[in-house]
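The values are calculated or read from the model by the stated rules, or taken from the named source; none is laboratory data. Computed from a prediction, not measured in an experiment: that's the story for all the values here. Virtual Cβ from ideal backbone geometry, glycine too; neighbours counted across all protein chains shown.
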């Protein structure tokens, strides 16, 4: 397959060798699992169990709460001890409703929906329904409900399902290990997803710094003519879906559009594996592979962790912290978000837990911009970070939006290269959040405006009706009076 | 050729005169300052400033009869813009950022008098005489008119909580470590 050049990008120190050769190890069951109702983008799930209920492994605990939402299942059998507000694994450190499950250690399976023996002959809707009921979300970190994304074929003409195995973030090796150890499952899951989407072709993109994964997936895909494996150049942020699509199509996804508008839908490799398990065996999403790494972790590992286990327990399983970390990061070091504490649960989108030392974070005081233009050269989206940040600093958010701050994918390359250590991507994350908040405010204002208008119309109508009734009554009285007089 | 030139010249002169006359006699008196101020205000006509709508508020501002901090939903940013436009210094120390609010009925105290319902401009309150009232939070814009008329203090104003989906990073300059 012909690969096209992509713009910009950086080459950070990858530091993947700490965990890339370590096989995935399963974490022993902890005493309590903490399952947040919101582990995905969209509406929170609604609990269908209550404190005191005995549940089995794979049983539904919380039903998806809308079209864009995802269900939560019991990762093991046990007793629901409470549904409480608990700190979320989110940079805000806000609490959110969480189901507490105390495992009984029996690992007793609930009655699962039957496996679909031949997914390539069933209706695509059956596959989508199964993915939806299995609570699968984008496991690369975006956590968008996968079933919704598998429905894009109904509105767009799709040509390719692109499976994202780029894993361009430094440190992270969870996708690498999944591809090496579950290559056949990933390829099968990918082909099932292609069936659901109606795409004739599957392309699996892997960065060329993972030769073992490329080899494993190529071997697993050999039997299928519709699957192609490509070796993508190692260049951050190759794993950004828009960049990866540009690599294989040579086209840039237009602003405010989806890659589906170019005929390509992108899913992560771990998502493909989860789809394989849900469709073939009826197993919902109960666990995920997490890379635990960083200079402060004693024994970095790739851990297969049940959803809901505390980050502190995983870190303890990896030998604990040898030095106090400067930062605990959820995800990779480039785009990951800081965790407020170690006492937060593992969720569906948590690809990595990094405990970074001060040398690794290398935070420096911000200095004035020297207008070197490096950020402009490396921006993979073709934006001008220096100008956007200047606008945002002076609160000219609309000007920043005009030059495309909303098209920023927050890859952090600009912050990484900035010699003045200006927190550029932080400005853009702030601006995008603030612009969204302003949009919400505007929508609310418009909504209220409509209500006020209809209220006024109603009041006027009522007043007119009253006037008419009074006039009618007066007329009736007037016409009745002469008769009275006549009598 | 001179026929074309002269006919066009005549047409131009006549139409020009017509336009000139029209602009003089059909002129609408419009205060440009008022229009600019109206552009700065949110335009929701929420009446939280005490005026009927943003237009009236802009008129009062233009005449200097209202403080630049009059607009609660606009907050500090609108106050600053108004002050700049009017060339006055806004005393923002006394001005508190309230943030969006919504009203809620305290069920134990509501006597069902329907006064709040009559006051609500966005039909956010429902209920019947001598029945408990309720407020639809999505339709409430926190103007606090109902709060003011309630005879039993059965309405409280609550801050709209920030949800995790709505949370966003603060501006970098607000952080202590940023230079």
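Side notes on the structure shown:
- None of B:146, B:110, B:71, B:116 is surrounded by 14 or more Cβ atoms within 10 Å (Cβ to Cβ), more than 21 Å from residue B:52 (Cα to Cα) and either outside the structural domain of residue B:50 (by TED's automatic domain parsing) or modelled with pLDDT under 85 (or both) except B:110.
- Qualifying residue in the stretch A:453-463 (condition: assigned by TED's automatic domain parsing to the domain that holds residue A:386, surrounded by 15 or more Cβ atoms within 10 Å (Cβ to Cβ) and touching a helix residue (DSSP H, G or I) at 6+ places or on another chain (Cβ under 7 Å)): no
- Among the candidates A:132, A:142, the residue that is buried (at least 20 other Cβ atoms within 10 Å of the Cβ) and touching a residue at least 60 places away in the same chain (Cβ under 8 Å) is uniquely A:132.
- Of the residues contained in the stretch A:374-390, one or more are found to be over 30 Å from residue A:180 (Cβ atoms) and either in contact with a strand residue (DSSP E or B) (Cβ under 6 Å, 6 or more places away or on another chain) or in the same structural domain as residue A:128 (by TED's automatic domain parsing) (or both).
- The listed residue being over 27 Å from the mean Cα position of the chain (by Cα) and in contact (Cβ under 8 Å) with a residue 12 or more places away in the chain, out of A:336, A:373, A:404: A:373
- Residue within the stretch B:120-140 that is at pLDDT 90 or above, away from chain A (no Cβ under 14 Å), surrounded by fewer than 16 Cβ atoms within 10 Å (Cβ to Cβ) and part of a helix (DSSP H, G or I) present: no
- Number of the exception - residue A:308 against (1) part of a loop (DSSP other than H, G, I, E, B); (2) touching a residue at least 40 places away in the same chain (Cβ under 8 Å); (3) in contact with a helix residue (DSSP H, G or I) (Cβ under 9 Å, 6 or more places away or on another chain): (3)
- Residues that are assigned to a helix (DSSP H, G or I), more than 8 Å from chain B (Cβ to nearest Cβ) and touching a strand residue (DSSP E or B) at 6+ places or on another chain (Cβ under 8 Å) do occur in the stretch A:402-415.
- When the residues of the stretch A:45-69 are filtered to those that are closer than 25 Å to residue A:289 by Cα, more than 14 Å from every other protein chain (Cβ to nearest Cβ) and within 20 Å of the chain's Cα centre (by Cα), the one that is surrounded by the fewest Cβ atoms within 10 Å (Cβ to Cβ) is A:63.
- Restricted to the stretch A:416-431, and to residues there that are facing another protein chain (nearest Cβ under 7 Å) and either free of Cβ contacts under 8 Å to residues at least 24 places away in the same chain or assigned to a helix (DSSP H, G or I) (or both), the residue that is farthest from residue B:173 (Cα to Cα) is A:429.
- Filtered residues of the stretch B:83-104 (kept if within 24 Å of residue B:159 (Cβ to Cβ) and at pLDDT 85 or above): B:101, B:102, B:103, B:104
- Top-ranked residue in the stretch A:384-401 [being over 16 Å from residue A:415 (Cα atoms) and under 26 Å from the mean Cα position of the chain (by Cα); ranked as surrounded by the most Cβ atoms within 10 Å (Cβ to Cβ)]: A:400
- Residue identified as in contact with a strand residue (DSSP E or B) (Cβ under 8 Å, 6 or more places away or on another chain) and under 18 Å from residue B:163 (Cα atoms) among A:51, A:84, A:62, A:74: A:84
- Yes/no for residue A:79 being touching a residue at least 24 places away in the same chain (Cβ under 8 Å) and under 30 Å from residue A:205 (Cα atoms): no
- The criterion of at least 3 residues that are under 22 Å from the mean Cα position of the chain (by Cα) and surrounded by 24 or more Cβ atoms within 10 Å (Cβ to Cβ) is met, among helices (runs of 4 or more DSSP H) falling completely within the stretch A:170-278, by A:174-181, A:183-197, A:241-249.
Yes/no per residue for (1) more than 14 Å from chain A (Cβ to nearest Cβ); (2) touching a helix residue (DSSP H, G or I) at 6+ places or on another chain (Cβ under 8 Å); (3) not in a loop (DSSP other than H, G, I, E, B):
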{"residue": "B:19", "(1), (2), (3)": "yes, no, yes"}
{"residue": "B:27", "(1), (2), (3)": "yes, no, no"}
{"residue": "B:39", "(1), (2), (3)": "no, no, yes"}
{"residue": "B:42", "(1), (2), (3)": "no, yes, no"}
{"residue": "B:85", "(1), (2), (3)": "yes, yes, yes"}
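- The residue pairs whose first member lies in the stretch B:150-179 and is more than 8 Å from every other protein chain (Cβ to nearest Cβ) and part of a loop (DSSP other than H, G, I, E, B), whose second member is modelled with pLDDT under 85 and surrounded by 14 or more Cβ atoms within 10 Å (Cβ to Cβ), and whose beta carbons are closer than 6 Å, counting only pairs six or more residues apart or on different chains, are B:160/B:100.
- Residue in the stretch A:87-97 that is touching a residue at least 40 places away in the same chain (Cβ under 8 Å), more than 14 Å from chain B (Cβ to nearest Cβ) and in contact with a strand residue (DSSP E or B) (Cβ under 6 Å, 6 or more places away or on another chain) present: no
- Filtering A:444, A:434 for residues that are part of a helix (DSSP H, G or I), more than 28 Å from residue A:8 (Cβ to Cβ) and either out of contact with any strand residue (DSSP E or B) (no Cβ under 6 Å at 6 or more places or on another chain) or facing chain B (nearest Cβ under 8 Å) (or both) leaves a single hit, A:444.
- Residue selected from the stretch A:70-86 under the condition part of a strand (DSSP E or B) and buried (at least 19 other Cβ atoms within 10 Å of the Cβ), by the criterion farthest from the other protein chains (Cβ to nearest Cβ): A:78
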